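Let me begin by presenting the structure, written as structure tokens, before commenting on it.
Derivation of every value follows stated rules applied to the coordinates shown; laboratory data play no part. Please read all numbers here as calculations on a predicted model, not as lab measurements. Using ideal geometry, Cβ is built from the backbone for each residue, glycine included, and neighbour counts are taken over all protein chains shown.
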Ligand code: GLN
């Protein structure tokens, strides 16, 4: 049984109860047996995994091991990784084997972590259900008729199914927190700029952040310590002193002021989600936290602002896929123009094309002021709301999504409906704030429900500490699908 948390896996290795190779083999066997049912991993390479594990064992034997040496981890397909197909869930990059490695992945490799494989995702991280992947949808391991959420749905599903102790995801508008919530695991999106974006395929550069996904907040803190840090190859990377994100894990909740945004606690949430929020409130209060009502008045504007800005940035970022340098190229064309258009028509899926068209439109002469510039102004208003709220509270409690995981196909037909389901996650990305999602209950049909803790800039340690205290006093995060 590969049910280990990251910490348990590290302990097994340190106490020599298991070698890195044995642990990797255990996971690879479980993956071979169970992955076909959920399609969480899309690229596996046992030889590479075992080579990394052997190297880890050598380090352990030589006394050169660190706390994470030999611990297995899975990577969302968005991260470039030397020698691995790094397709970002797209036909466009189906033939792309990365010649370099993303900084956050390199940091974990340098810490001795062992790559289990690459996880499924919505194409170019655009989506909330994982159904836009070129590699087929990932299924929610709790109920395979349901989606795992998106876009880091593969990472969430493999951690939930206990096919990896932890995984990396990326979050542009909720893609770590929402799938974590739908799969019953914990994930954190850090403050914009504290983890490097170098080598992470760009969707919307002013929003994208990588982050850890694991069973517990404690594991997320350990992984974030290994991932984060200044990177001169990312121009938006922040130059700050190294932090210890585990430092508040022992901090009691007594006296912590937790804000409840009145715009988030509405009857439009499903009754299951409302019940999970009540669970979280009770848990916080029983440990001495103080609940205060706050307001985020511009909440409704965050969806139009995000979908204008993210699409604008996507249309620019994705212009690089032209069939010239790498990736898919149409087999037949008459001239250069047709080579471009056929390549892009064939290589991109429909959601990606939709975003490119929206983005190109809002950036075009004549519409730029009306849409793009206006959305930038809304972005500032949304960010300001949080600063006002954080004068009254230390952290904010929020739903992660209005409902539990929808059924496969349910959101697929109506993009606007899918965009609206991001209502509780995207304001955080507009503002660049850190936020975590943790399990807080189950729906009546047995699907996990997550809630968010949102903090002010650089409050990761505080968020992780509060989530850890909540997890010490509850057991939703320990539950796994059968
Ligand atoms: N659902 C949002 C979108 O489609 C968020 C995706 C993400 O965070 N990568 O843009």
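Below, the figures for the structure above:
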quantity: Pairwise label distance in nanometres, residue 479 with residue 145, each label 7 Å out on the Cα-Cβ vector; calculated: 1.9 nm
quantity: Cα-derived Rg over Rh, computed across the chain with Rh taken as Kirkwood radius; calculated: 0.95
quantity: Three-way shape call for segment 114-167 based on the alpha-carbon gyration tensor, with the a/c threshold at 1.5; calculated: oblate
quantity: Fully extended contour minus Cα-Cα distance, from residue 388 to residue 25, at 0.36 nm per residue; calculated: 125.6 nm
quantity: Segment 303-449: Cα Rg divided by the 2.2 N^0.38 Å rule of thumb; calculated: 1.32
quantity: Footprinting exposure proxy for 47, 290, 218 (fewest neighbouring C-beta atoms within 10 Å first); calculated: 47, 290, 218
quantity: Computed label-point distance, nm, for sites residue 407 and residue 325 using a 7 Å Cα→Cβ extension; calculated: 4.5 nm
quantity: Approximate shape of segment 156-247 as ellipsoid semi-axes (Cα gyration tensor, √5λ), whole Å, largest first; calculated: 22, 16, 10
quantity: Rounded FRET efficiency, nearest 0.05, which uses the C-beta distance separating residue 345 from residue 380 and R0 of 51 Å; calculated: 0.90
quantity: Two-site FRET efficiency, residue 458 against residue 336, from Cβ-Cβ distance with R₀ of 56 Å, rounded to 0.05; calculated: 0.75
quantity: Percent RCO, i.e. relative contact order, over the chain, from Cα pairs under 8 Å lying at least 6 residues apart; calculated: 18 percent
quantity: Ranked 477, 328, 182, criterion: other C-beta atoms within 10 Å, fewest first; calculated: 328, 477, 182
quantity: Percent antiparallel among DSSP beta bridges (both partners in segment 1-144, rounded to 5); calculated: 45 percent
quantity: Label-to-label distance, nm, for residues given as residue 354 and residue 251 (7 Å Cα→Cβ offset); calculated: 4.0 nm
quantity: Chain lengthening between residue 82 and residue 287 when straightened (0.36 nm per residue, less Cα-Cα); calculated: 69.2 nm
quantity: Residue-averaged 222 nm ellipticity for the chain, from DSSP H runs of 4+ at -39500 (n - 2.57), nearest 500; calculated: -11500 deg cm²/dmol
quantity: Counting DSSP beta bridges with both ends in the chain, the antiparallel % (nearest 5); calculated: 65 percent
quantity: Computed lengthening from residue 241 to residue 420, 0.36 nm per intervening residue step minus Cα-Cα distance; calculated: 60.7 nm
quantity: Antiparallel bridge percentage (DSSP; both residues within segment 73-223; nearest 5); calculated: 65 percent
quantity: FRET efficiency estimate (nearest 0.05) - Cβ-Cβ, residue 271 to residue 8, R0 30 angstrom; calculated: 0.30
